[in-house]
Amino acid sequence: MSKLPNISTSIFSVMSKLAADHNAINLSQGFPNFTVDERLKNIVAQLVHQEVHQYTPMSGYPPLLQKIAQLTKKQYNRIVIPESEILITTGATQGIFTTIQALVNKEDEVIILDPSYDSYEPSVLLANGIPVRIPLNDDYTPNWGNIEKACSSKTRMIIINNPHNPTGKILNASDFEKLEGILENFPQILILSDEVYEYITFEEKHISAHTRKKLLNRCITASSFGKSFHVTGWKVGYIIAPEHLMNEIKKVHQFLVFSVNSLAQAAISDYLDIVSIEEIRSFYKEKRDYFRQLLQNSRFKLLPCEGTYFQVVSYAAISDENDVDFCKRLVKEYGVAAIPISTFYNNAKDLKLIRFCFAKDNQTLEAAAEKLCLL
Ligand SMILES: Cc1ncc(COP(=O)(O)O)c(C=O)c1O
């Protein structure tokens, strides 16, 4: 019997394959197509000749753990203990999966806010937990009233994703105050804060769970070097959690992965000495503004994009097809691949919205926009 009877191939794989089959411009899956920083490539080239090819300690390559602690202090003014509170993972995905396996027990409820990233629910189901999916408001702010109503003694975890994929929304201080207020009545509830787009916010600064003192003892944050440094294929990320939670997470991690690619860890460690985190924001702001400008004269309606490298658009003025059919037609007839937003809901809610990834070189964005303006 299948352990995940209702789960099929992820929409990201489906759309990327369709894009390849039709030789279409792929703005579906969230990965950059521009070249990686030459400095990072050179670091890898040099490290290849050094002895960094064996297992690292389970938590991670020690210099990298130190650099992450420094980064967390610099960005969020939070002091973390490298050996006991940081874990390098095979991408944020593995950090999220491992956290859920370690901390969610049979029949524990886990609140997921829809639309949501697709790995959360299967991770909860494989832990024999119960996903409780609560829709965001129409403007994609969390509905704290409904979230509070859903909390009970059975609730073990609330997953937040900030900045948010697919909507590009970010949480503000009042969101955190409401969340912290709810948690006062439920000491057993943990927060899993997926912050893989933490350095990609635009007008407003990202508020990380790391900066919320009331959350620190009950929160696990997930970060992704793949997303931050344009190397998604490396699959290197990390989680930070208080030691009592991290001890449980490491019990699972040691049998799932044990240690993450040593060369990639060493390279990122050296790269952290020279990279400017601030440039990530301005780099993507320029991309966002350019892509939005290119689509200005199209019939797509652009929704606000406060963070991430995703632009959600409404095609309601163009077609009344459902969003999956529309995306398929977009690939086949117009040669551009996008992601239908309904696939981020458990009830496949069709709002005539699709998501484009603008982490692409300008030539690709221009070619895609030219095709999209034909609709
Ligand atoms: C919200 C969110 N979380 C996690 C991930 C996965 O990150 P990683 O590639 O580091 O596993 C993604 C990738 O698209 C994402 O959008």
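What the table below lists for this structure:
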item: Verdict on I11 being β-branched (V, I, T), within 16 Å of the ligand (Cβ to nearest atom) and touching a helix residue (DSSP H, G or I) at 6+ places or on another chain (Cβ under 9 Å); result: yes
item: Segment 275-310: number of residues that are within 30 Å of L374 (Cβ to Cβ), basic (K, R) and in a helix (DSSP H, G or I); result: 4
item: Of residues in segment 25-39 being more than 16 Å from the ligand (Cβ to nearest atom) and touching a residue at least 40 places away in the same chain (Cβ under 8 Å), the one surrounded by the fewest Cβ atoms within 10 Å (Cβ to Cβ); result: R39
item: Residue within segment 102-114 that is among the charged types (D, E, K, R) and within 14 Å of the ligand (Cβ to nearest atom) present; result: yes
item: Conditions (1) out of contact with any helix residue (DSSP H, G or I) (no Cβ under 8 Å at 6 or more places or on another chain); (2) away from the ligand (no atom under 16 Å from the Cβ); (3) aromatic (F, W, Y); number of the one not met by F300; result: (1)
item: Pair list, Cβ under 7 Å, 6 or more apart: segment 67-82 residue assigned by TED's automatic domain parsing to the domain that holds T221, other residue outside any helix (DSSP H, G or I) and polar (S, T, N, Q); result: Y76/S208
item: Evaluation of G60 against (1) over 19 Å from A338 (Cβ atoms); (2) in a helix (DSSP H, G or I); (3) within 16 Å of the ligand (Cβ to nearest atom) (one fails), failing number; result: (2)
item: Residues within segment 1-16 that are at pLDDT 90 or above and under 25 Å from the mean Cα position of the chain (by Cα), tallied; result: 3
item: Some residue of segment 3-21 being assigned to a loop (DSSP other than H, G, I, E, B) and buried (at least 16 other Cβ atoms within 10 Å of the Cβ); result: no
item: One residue from V313, V331 being in a helix (DSSP H, G or I), surrounded by 18 or more Cβ atoms within 10 Å (Cβ to Cβ) and touching a strand residue (DSSP E or B) at 6+ places or on another chain (Cβ under 7 Å); result: V331
item: Matching option when the condition is more than 30 Å from L4 (Cα to Cα) and out of contact with any helix residue (DSSP H, G or I) (no Cβ under 8 Å at 6 or more places or on another chain), among K17, K106, K73; result: K73
item: Segment 26-56, residues that are part of a loop (DSSP other than H, G, I, E, B) and of a type in the set (S, T, N, Q); result: S28, Q29, N33, T35, Q50, Q54, T56
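Matching residues to (1) touching a His at 6+ places or on another chain (Cβ under 9 Å); (2) touching a residue at least 60 places away in the same chain (Cβ under 8 Å):
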| site | (1), (2) |
| --- | --- |
| V312 | no, yes |
| N322 | no, no |
| V331 | yes, yes |
| I339 | no, yes |
| T343 | no, yes |
| K349 | no, yes |
| C357 | no, yes |
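Here is a yes/no grid of residues against (1) under 20 Å from the mean Cα position of the chain (by Cα); (2) among the β-branched types (V, I, T):
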{"site": "T90", "(1), (2)": "yes, yes"}
{"site": "Q101", "(1), (2)": "yes, no"}
{"site": "N105", "(1), (2)": "no, no"}
{"site": "G129", "(1), (2)": "no, no"}
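The values are calculated or read from the model by the stated rules, or taken from the named source; none is laboratory data. Only a predicted model underlies this, so the values are computations on that prediction, with no experimental measurement involved. No Cβ is skipped: glycine too gets one built from the backbone with ideal geometry, and neighbour counts run over all protein chains shown.
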